Structure formats: C-alpha cells, structure tokens
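Structure record follows, encoded as structure tokens.
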Amino acid sequence: MIREKAVVPGVRSGCATKEEWREKRKNVLETLAEMEYGKRPQIDYRVSWKELVRERVEELEAIHIRSELSVQTVYGSYSFPVTVFLPDEKNKVPGAVLICSQSREAGPMQMPPGIDTMPSPEAFQSVFDRFGIVMEDPAQLGAMFQNDLGADGKPKKKTLDLDRDYENGHWPVREMMKRKFAMIGFYASDAEADEADRFPSGLATIFGTEKTRKEQEWGVLAVWAFAARCVMDYVEQIPEIDAANVAVTGHSRCGKAALWCGANDERFRAVMPNGSGCCGAALSLGKTGENLASIQTFFPHWFAPGFRLYAGKENELPFDQHFLLAAVAPRILHVGSGSEDAWADPEGEYYSTCLASQAWKYYEPNEVSAEMSGVFPEENGIETAGNVGYHLRKGGHKLDTFDWICLWQHMQIR
C-alpha cells in the first residue's frame, strides 16, 4: 500500500466511551449498507431446512450431513444445499461457516466484461493505466491465473466438492476433524450467481429485487452475506455444535461477503476475511492493486448501484474499511493474507487491521495485548493482540489449510 496517502480517521475519534462507539458502529454499518454493499429489501422471511443425508465417514471419524436450506417470503421460496462435517466428540464443538467461492462443477471462469482470454502483460498494463492502479509488478496479476488456464487459454473455475473433497486447502475437512472443529459450507453461487447479466437470479429474487435496482439496494456480496446468516439460523439448531463458538469465513469476493456478514451478525464469535482486499479488509485510500474504479467497472453487481459514485474517489468515502473491521469488536477478528497476493494488497489489509484494533480498547481497556505492533510480519508470520489477529501465509491468492489453522488457533486461545 501507499501508506503516505492513507491518512484516515481513527475509529475512536469522537467516541470517548463504549456506548458512544456502539452508537457510531450503528451509523457506520447503516452508511456502508446504503452506499457500498446495499440494503436487503425489508420483507419478512422465514428460514427452514431439511436434512437429506446423514452418514458416518469412518476414515474421518466424523458425521457428514447434507441439508437443503429454504428461505420463504411473500414472493416465493428459494433453496440451496448446505454441507456439514461433525467430528466425533461427546461435547459440543466449535466450527466455522464457509461462504465457498469455488465451484462444484468445472467450467470457464466468469471473466470481467471485455476480457475473454488471459490478457498479455501489455494488456494488464493498459488496464492499470486506465484505472489508475498502482502495482509494483503487473506480472504478478497474471501469475494469479496461470495455474487455472485451460487449453483454450481461458481461466477455468476452481472446483471443489464440499461433500467428497477432504484434502482441499480451501475446505480441509480431514485436518479440521482432527482438531475437533465442525465445518459448515455452502457454495456462494448456489445462493446467487456471480454474473452481472444474470443478477438477480437466485435468493435475491424472492425479496423483490429486479434487474434495475434502487440506488441503495443490495448487491451480490450482501446476498451471500445474508445467505450465511440464514445458514447460521440452521447451525444454531445442530445439537453437536457450540453455536456460541462459530466463525464465518470466506476467500476473495467471499471474504468480502464474510466480513460484511460477520460485522453485522453478532452471533458469529469470530470473523476471518481471507484475501478479501478491495472493499474487504484492505483500506481503500492508498491501496495498491485492485481499486474502487476497477472493481466497480468489472463487478458492478457486487455492490449497491449508488456505490459507482465513489469510483476513483477513495478520498471522498465517509468511512474506510477499517471501520467495518472495527465493527466486529469485541468478538474475534482474524484477517488472512497471502504474501504474493499483491492484487489484494496484504500491507493494506494489515494496516487496516491495526487501525481497527483500537475499537477493542473499549472492551479490553486494561489489556496491553490488545495493541497491534504495526510491524508488517514476515511470510507465515502470525500476530494476535487480544481478539484481533492477522497472518501472512506464504503464497498467492487462495484459502489454504494454514489459514484455517490460524483461525482455529485464535479461537482456541481466546
């Protein structure tokens, strides 16, 4: 990040007491809902679920459950599957809800408008110039896609079977069962497709959302976040899970959704946005890599329509992303980054976490450990300060077993 450009207000500014901060927190969340993520139409809804599969998986010493979760409104009903793995354990276990950004089936990756194949380094540079993107090495962005190219030169979706893949770092079931940690996951695309020309096509339709949305109406990120909140309704009723000790997590776009979900829904004890970058954990002001102009051009359906007014105008934002991180207080916030994920801006994610950590002082005023050091960690470095944590996994833009273990460890020590 360009730290000299990131002179942002402190989260404690104007708030002398915890009560004043709680009031400011309400204002922050309301403002971010109106201008950035969008507001869900105020329509009554009901959540129900039906268990479809319950089976023991001997090799995992665990129970596998697949359920169908349904949301009903006056406009109709919409359903999507949820997968659960429960470790063998007499006592209730902690766990995490994953908003899964990967896909059940193989296929071409949904690319931004106007980009059909893997761009050349020269094409990347032209994009950077067009949107004012600052990045030390544009080739790093191309490297993000190289491992996912098909024979036709087009990036392919990363596939994951939540019910049958036990070793995938995005969803390391075997490892987490050993740690007596429940895994609950759903595909974001099952709740709402990540395609601008199809939105709304899923969960949003039963709330009356239409193709032409109101300026403050929710985008796809908020729909995914709401889906995770509905999944938490279900998790609370699973007797083997300690519902007071559940995290929400996601990677990249789903890391943004997980952060928005966890900041608003205080039932989640821990929140881990991983590689969430722009409009996630990273500061917008002074950010390197993806910025407001590029993200809103390529993914306008992620946000409230009115958010386009801030494209290229980071300095006009009423609140930057560290305020959203701070809204998690006093619960556990653990931000994850990849050391080679320049597009997301790991330093910007870390600095934002440090700024946000000041909010925890309202709840832990006498705890010296609640102060982040401000020293950017080395690769695979982990820093925790009370209920605030950050880790820098060695590698690129992905969610891996190391990230999961960092979350598990933080939930264990607090």
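The values are calculated or read from the model by the stated rules, or taken from the named source; none is laboratory data. Predicted model only: the values in this text are computed from it and were never measured. Cβ atoms come from the backbone with ideal geometry, glycine included; neighbour counts cover every protein chain shown.
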**Request:** Scan region 388-414 residue by residue and report those that are assigned to a helix (DSSP H, G or I), among the hydrophobic types (A, V, I, L, M, F, W, C) and under 18 Å from the mean Cα position of the chain (by Cα).
**Result:** 402, 404, 405, 406, 407, 408, 411
**Prompt:** Tell me, which residue of region 80-134 that is at pLDDT below 90 and acidic (Asp, Glu) is nearest to residue 194 (Cα to Cα)?
**Reply:** 105
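Suppose we keep only residues that are in a helix (DSSP H, G or I), of a type in the set (Ser, Thr, Tyr) and at pLDDT below 95 within region 272-326. Which one would you say is farthest from residue 193 (Cα to Cα)?
Here the residue is 294.
Which of the residues belonging to region 74-107 are of a type in the set (Gly, Ala, Ser), more than 25 Å from residue 265 (Cα to Cα) and in a strand (DSSP E or B)?
103, the sole residue that qualifies.
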**Asked** Does residue 204 qualify as being without any contact (Cβ under 8 Å) to a residue 24 or more places away in the chain, touching an Asp or Glu at 6+ places or on another chain (Cβ under 9 Å), more than 19 Å from residue 410 (Cα to Cα) and assigned to a helix (DSSP H, G or I)?
**Response** yes
**Asked** Only one of 8, 57 is over 26 Å from the mean Cα position of the chain (by Cα), among the β-branched types (Val, Ile, Thr) and surrounded by 14 or more Cβ atoms within 10 Å (Cβ to Cβ); which?
**Response** 57
**Request:** Please enumerate the residues belonging to region 167-177 that are out of contact with any Cys (no Cβ under 8 Å at 6 or more places or on another chain) and either at pLDDT below 95 or crowded, with 20+ Cβ neighbours inside 10 Å (or both).
**Result:** 172, 173, 176, 177
**Request:** Could you pull out the residue among 243, 196, 293 that is surrounded by fewer than 24 Cβ atoms within 10 Å (Cβ to Cβ) and either touching a Phe, Trp or Tyr at 6+ places or on another chain (Cβ under 6 Å) or within 25 Å of residue 394 (Cβ to Cβ) (or both)?
**Result:** 293
**Asked** How do the pairs read when you match residues in region 215-240 that are more than 15 Å from residue 257 (Cα to Cα) with residues anywhere that are basic (Lys, Arg), using Cβ under 8 Å and keeping only pairs 6 or more apart or on different chains?
**Response** 216/39; 217/39; 236/267; 239/92; 240/92
**Request:** Provide a single number: the residues in region 50-68 that are assigned to a strand (DSSP E or B) and either touching a residue at least 40 places away in the same chain (Cβ under 8 Å) or of a type in the set (Val, Ile, Thr) (or both).
**Result:** 8
**Residue check, residue 364 farther than 23 Å from residue 287 by Cβ, out of contact with any strand residue (DSSP E or B) (no Cβ under 6 Å at 6 or more places or on another chain) and part of a loop (DSSP other than H, G, I, E, B)** = yes
**Test for residue 71: is it modelled with pLDDT of 95 or more, under 30 Å from residue 217 (Cβ atoms) and outside any strand (DSSP E or B)** = no
**Message:** For residue 378, only one of the following conditions fails: (1) surrounded by 24 or more Cβ atoms within 10 Å (Cβ to Cβ); (2) part of a loop (DSSP other than H, G, I, E, B); (3) of a type in the set (D, E, K, R). What is its number?
**Reply:** (1)
